[in-house]
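**Q** Submitted below is the structure of interest, expressed as structure tokens.
The values are calculated or read from the model by the stated rules, or taken from the named source; none is laboratory data. Since the structure is predicted, the reported quantities are computational estimates derived from the model, not experimental observations. So basically every Cβ, Gly included, is an ideal-geometry build from the backbone, and we count neighbours across all protein chains shown.
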């Protein structure tokens, strides 16, 4: 998703040029106001978009200069489309805002994090496995 039509079109064209149209989709979605719990924030307008099941989510927007915790809306607004096996990659995690939103997400969602080595920092988030009931042998 991208809020900038020119950038979205350029990205879609590059995906097509590299033969990846069967694997990736670019969605133009302007930023609008959303509310989740105690936060009001700008995030992509999903009202005219059918979001498929998401197995891999790369979060690299909206840009941080729009607002504090600019990328926070990704999980609250897309959680219903994420598969239980989803991998969520957050970029730019050396920034303070991204560190704050990771902490917030880890408190709000059943996620585990893996810190990745990247130029500007990156974190891979996955859902914690559902706990299994104890068997007689484990009691």
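**Q** With the structure loaded, tell me whether residue 35 is under 17 Å from the mean Cα position of the chain (by Cα) and free of Cβ contacts under 8 Å to residues at least 12 places away in the same chain or whether it fails that test.
**A** So residue 35 fits the description; yes.
**Q** Shifting gears a bit: Name the residue that is surrounded by the most Cβ atoms within 10 Å (Cβ to Cβ), counting only residues in segment 85-108 that are modelled with pLDDT of 95 or more and closer than 11 Å to residue 54 by Cβ.
**A** 88
**Q** If you don't mind, there's one more thing I want to ask. Mind checking which pairs have a first residue in segment 51-63 that is on the phi < 0 side of the Ramachandran plot and free of Cβ contacts under 8 Å to residues at least 12 places away in the same chain and a second that is surrounded by 15 or more Cβ atoms within 10 Å (Cβ to Cβ) and part of a loop (DSSP other than H, G, I, E, B), Cβ under 7 Å, 6 or more apart or different chains?
**A** Taking only residues 6 or more apart or on different chains, the pairs are 63/70.
**Q** Could you please find all residues in segment 50-63 being under 9 Å from the mean Cα position of the chain (by Cα) and loosely packed, with under 15 Cβ neighbours inside 10 Å?
**A** Residues satisfying the conditions are 56, 58, 60.
**Q** Continuing with the same structure: Would you point out the residue of segment 89-106, among those that are more than 14 Å from the chain's Cα centre (by Cα) and outside any helix (DSSP H, G or I), that is farthest from residue 73 (Cα to Cα)?
**A** Among them, the one singled out is 94.
**Q** I would also like to ask the following. Quick check on segment 111-128. Is at least one of its residues without any contact (Cβ under 8 Å) to a residue 40 or more places away in the chain, crowded, with 19+ Cβ neighbours inside 10 Å and assigned to a loop (DSSP other than H, G, I, E, B)?
**A** No, there is no match, as no residue in segment 111-128 is without any contact (Cβ under 8 Å) to a residue 40 or more places away in the chain, crowded, with 19+ Cβ neighbours inside 10 Å and assigned to a loop (DSSP other than H, G, I, E, B).
**Q** Go through segment 64-84 and give me each residue that's more than 11 Å from the chain's Cα centre (by Cα), in a loop (DSSP other than H, G, I, E, B) and surrounded by 13 or more Cβ atoms within 10 Å (Cβ to Cβ).
**A** 67, 69, 70
**Q** Report the residue count in segment 1-45 for those that are under 19 Å from residue 73 (Cβ atoms) and surrounded by 16 or more Cβ atoms within 10 Å (Cβ to Cβ).
**A** Residues in segment 1-45 being under 19 Å from residue 73 (Cβ atoms) and surrounded by 16 or more Cβ atoms within 10 Å (Cβ to Cβ): 14 in total.
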